[in-house]
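Heads up, the thing below is written out as structure tokens.
Read-outs throughout are calculated quantities, based only on the coordinates presented, and are distinct from any laboratory measurement. Not measured: the values here are computed from a predicted model. Virtual Cβ from ideal backbone geometry, glycine too; neighbours counted across all protein chains shown.
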Amino acid sequence: MTMVSRKPEAPHNIRVSDVTSSSFKIEFLPSFDGGGGPQRFSIEILLYDKNTTLNSTVINQQLPFNTYEYNVKDLNESTLYMFRIKAINIYGESPWSIETPVQTTELMITSDGIKK
């Protein structure tokens, strides 16, 4: 049997949690690694602008090996972001995952002055 090595497949089971006015958490699972050994993941966060087809990149982060989650921080409140993820191995890069929208919440200050 011959093992053919190739580029990895895009991550799947992408989930968003812990959305606040300035952050959210991304979790995902790796897909087939292409037989190319360890893979890394790159996450791109885009600021969504409905008035243009060009969304500006806010964050472009390469994750350490075997890391399948990322906490996105320092975002603007009540703002729509899009993110996508790709896998990288020694043979190249996967296609980007489908862009996923995330809306940060409105900044709420409670009666005791705590921001949420």
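General observations
- Among the residues making up segment 24-56, those that are within 22 Å of T105 (Cβ to Cβ) and in contact with a Leu (Cβ under 6 Å, 6 or more places away or on another chain) are Y48, N55, S56.
- Candidate set from segment 42-93 (those that are within 14 Å of F24 (Cβ to Cβ) and over 13 Å from the mean Cα position of the chain (by Cα)); member that is surrounded by the fewest Cβ atoms within 10 Å (Cβ to Cβ): D74
- Subset of segment 27-56 [within 15 Å of T100 (Cβ to Cβ), among the hydroxyl-bearing types (S, T, Y) and not in a loop (DSSP other than H, G, I, E, B)]: S42
- Matching residues in segment 65-105 - criterion: being among the hydroxyl-bearing types (S, T, Y) and in a strand (DSSP E or B): Y70, Y81, T100
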